[in-house]
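The values are calculated or read from the model by the stated rules, or taken from the named source; none is laboratory data. Every value quoted in this text rests on a predicted model; they were computed, and no experiment measured them. Please note: Cβ atoms are built from the backbone with ideal geometry, for glycine as well, and neighbour counts cover all protein chains shown.
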Amino acid sequence: MLVTFLLLIFAVAPLSLFIHELGHVLTAQIFRAEQSYINLGYGFPLIKGKFGRVRISIRCLLFHGAHSINEREDPFSDREKALICLGGPLLNAVVFLFLFITPPLMRTNPVMLFFLFNAYLAIVNILPFKIKGKKSDGFRVIQSLKNRTTRG
């Protein structure tokens, strides 16, 4: 039980969160983001790197959430913002579905944790909610679509 918990906190959750943020960044890059940032964790940086137009920072408390920022001189349209918000949950869903079709012999405890945590991230992040100023991806999608319909 303790090993499973440690595996979840120090491997599965950080990797799944990184995949989620990578989904946002990849989508933003499709829409020609000039610079993207992925921050994994909290605290002082352990690893920093730059890959093309993407900067990645992995911090000491890597299980303490993640976020990405995408920048472009011309602001993203509301449609682009909505699609960028969908990119994270969508990539988690792709990982979930890929693991779903793997042969049962490949479904070890770590793989099952990864499978379930990616499903969790895909579902929870697509639900529209706002808690203490923190908006889910689903909330941001609805916000962007509302902005689009009121403007045009």
(message) Take the residues in segment 2-23 that are exposed (fewer than 15 other Cβ atoms within 10 Å of the Cβ) and not hydroxyl-bearing (Ser, Thr, Tyr); name whichever of them is farthest from residue 57 (Cα to Cα).
(response) 2
(message) Just to be sure before I move on: is residue 96 in contact with a strand residue (DSSP E or B) (Cβ under 6 Å, 6 or more places away or on another chain), within 17 Å of residue 118 (Cβ to Cβ), assigned to a helix (DSSP H, G or I) and not hydroxyl-bearing (Ser, Thr, Tyr) in the structure I sent?
(response) no
(request) Please work out if residue 89 is part of a loop (DSSP other than H, G, I, E, B), under 19 Å from residue 144 (Cα atoms) and either of a type in the set (Gly, Ala, Ser) or under 16 Å from the mean Cα position of the chain (by Cα) (or both). (result) no
(message) Need pairs with beta-carbon distance below 6 Å; first residue touching a residue at least 24 places away in the same chain (Cβ under 8 Å) and within segment 125-148, second surrounded by 15 or more Cβ atoms within 10 Å (Cβ to Cβ) and in a loop (DSSP other than H, G, I, E, B); sequence gap 6+ or separate chains.
(response) 125/136
(message) With the requirement that a residue be in contact with a strand residue (DSSP E or B) (Cβ under 6 Å, 6 or more places away or on another chain) and surrounded by fewer than 17 Cβ atoms within 10 Å (Cβ to Cβ), what does segment 38-54 give you?
(response) 42, 43, 44, 45, 46, 47, 48, 49, 53
(request) Taking only segment 18-59 into account, find how many residues are assigned to a strand (DSSP E or B), over 19 Å from residue 73 (Cβ atoms) and of a type in the set (Gly, Ala, Ser). (result) 4
(request) Filter segment 94-137 for residues that are small (Gly, Ala, Ser) and crowded, with 20+ Cβ neighbours inside 10 Å and give the result. (result) 122
(request) Would you point out the residue of segment 65-80, among those that are at pLDDT 95 or above and either assigned to a helix (DSSP H, G or I) or of a type in the set (Gly, Ala, Ser) (or both), that is surrounded by the most Cβ atoms within 10 Å (Cβ to Cβ)? (result) 66
(request) Answer with yes or no whether residue 4 is more than 19 Å from the chain's Cα centre (by Cα), hydroxyl-bearing (Ser, Thr, Tyr), outside any helix (DSSP H, G or I) and farther than 27 Å from residue 139 by Cβ. (result) no
(message) So residue 65 ticks every box in (1) in contact with a Gly (Cβ under 8 Å, 6 or more places away or on another chain); (2) on the phi < 0 side of the Ramachandran plot but one. Which box is left unticked?
(response) (2)
